[in-house]
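Undergrad: Once you've had a glance at the structure underneath, I'll fire off some questions.
The values are calculated or read from the model by the stated rules, or taken from the named source; none is laboratory data. Just so you know, these numbers come straight off a predicted model, no measurement behind them. FYI the Cβ positions are ideal-geometry reconstructions off the backbone, even for glycines, and counts take in every protein chain you see. We work out accessible area using only protein heavy atoms, side chains counted, and drop any ligands, DNA or RNA first. Shrake-Rupley method; radii C 1.70, N 1.55, O 1.52, S 1.80 Å.
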Amino acid sequence: AGTVNFPVYYALSTRQANVLNLGVGGIDSTLNYHFDTANDGGFDAGVDVSSFLLFRQHLKGGPSFSVLGSTGANNTFGSVPIQARFHLGWDYDGFGVTGFVRYISAYHNYTSGSASSPSQPTINGLPYVAGATVVNPSATLDLHVSYTFSDEALWGQQLAGSEVFVDAENLLDHAPSFYNSSTGYDGYTGNPIGRLVSFGFRARF
């Protein structure tokens, strides 16, 4: 007797599952310190740091691979290894000045090959970020200057606790690190606007 084989047709629906699956791990840390002096006001210092230790991704049904230390591997999530913001502030008799330094560590442009290999590098047939173009680290300076009205100040009874302020983002007008793309910068970490100064008033009644 012979054997008859029938083809089996099926449809796989992934509407209830993620198309892109991520395995992410890291450390977020914050350290702040404040101290007051007898005659010279108060001082604040601190740092906020986010660092990725693991960042793997895979499409449904595909192999998992690491994209740690890169951007561009997908259209939504970047995995820059370290991003930090340091601050140092001083306040005295209603006046306050705080400087912030934002730091972004070096990482790789996942969509761009190295100078010697323009194609996206691979290893064992899987995307491999180590040979991609390096994006240089960057640091920008922000500044916040404010005055808070006290009870003794002019209109103090009505505006006590209210604040006028000036904010300057990217005070030194530092250009974003070059990123090999049509725009020349990375939208995950860079901003082409440059220095931005704003004035404001916060009322408290």
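Undergrad: Taking the options Ala203, Ala160, name whichever one is under 19 Å from Asp93 (Cβ atoms) and either under 18 Å from the mean Cα position of the chain (by Cα) or not aromatic (Phe, Trp, Tyr) (or both).
TA: Ala160
Undergrad: From Tyr33, Tyr9, which residue is among the aromatic types (Phe, Trp, Tyr), at pLDDT below 80, more than 30 Å from Ser181 (Cβ to Cβ) and open to solvent by 80 Å² or more (accessible area, probe 1.4 Å)?
TA: Answer to the selection: Tyr9.
Undergrad: When you go through (1) modelled with pLDDT of 80 or more; (2) among the hydrophobic types (A, V, I, L, M, F, W, C); (3) out of contact with any His (no Cβ under 6 Å at 6 or more places or on another chain) one by one for Phe100, which number turns out not to apply?
TA: In the conditions (1) modelled with pLDDT of 80 or more; (2) among the hydrophobic types (A, V, I, L, M, F, W, C); (3) out of contact with any His (no Cβ under 6 Å at 6 or more places or on another chain), Phe100 misses (3) alone.
Undergrad: Can Ser162 be described as within 30 Å of Asn75 (Cα to Cα) and surrounded by 12 or more Cβ atoms within 10 Å (Cβ to Cβ)? Working first, answer last.
TA: Values: within 30 Å of Asn75 (Cα to Cα): no; surrounded by 12 or more Cβ atoms within 10 Å (Cβ to Cβ): yes.
The answer is no for Ser162.
Undergrad: Condition (residue is out of contact with any Cys (no Cβ under 6 Å at 6 or more places or on another chain), part of a strand (DSSP E or B), at pLDDT below 85 and loosely packed, with under 15 Cβ neighbours inside 10 Å) applied to region 109-116: is it met by at least one residue? Step through it out loud before you land on a result.
TA: Pass one, region 109-116, residues out of contact with any Cys (no Cβ under 6 Å at 6 or more places or on another chain): 109-116.
With the extra rule that they be part of a strand (DSSP E or B), the set shrinks to 109.
Then keep just the ones that are at pLDDT below 85; that gives none.
Among the residues of region 109-116, not one is out of contact with any Cys (no Cβ under 6 Å at 6 or more places or on another chain), part of a strand (DSSP E or B), at pLDDT below 85 and loosely packed, with under 15 Cβ neighbours inside 10 Å, which makes the answer no.
Undergrad: To continue, here is another question. Check off (1) among the hydrophobic types (A, V, I, L, M, F, W, C); (2) assigned to a loop (DSSP other than H, G, I, E, B); (3) modelled with pLDDT of 95 or more for Phe86 and give me the number that stays unchecked.
TA: Just one mismatch for Phe86, condition (2).
Undergrad: Can you pull out the residues in region 60-83 that are over 25 Å from Asn180 (Cα atoms) and not charged (D, E, K, R)?
TA: The answer is Gly61, Gly62, Pro63, Ser64.
Undergrad: Of all residues in region 181-197, which are open to solvent by less than 80 Å² (accessible area, probe 1.4 Å), among the polar types (S, T, N, Q) and either over 12 Å from Gly72 (Cβ atoms) or modelled with pLDDT under 90 (or both)?
TA: The answer is Ser181, and nothing else.
Undergrad: Determine whether Phe43 is outside any loop (DSSP other than H, G, I, E, B), more than 24 Å from the chain's Cα centre (by Cα) and modelled with pLDDT of 80 or more. Before you say what the answer is, go through the steps one by one.
TA: Working: outside any loop (DSSP other than H, G, I, E, B): yes; more than 24 Å from the chain's Cα centre (by Cα): yes; modelled with pLDDT of 80 or more: yes.
Judged against the criteria, Phe43 is a match.
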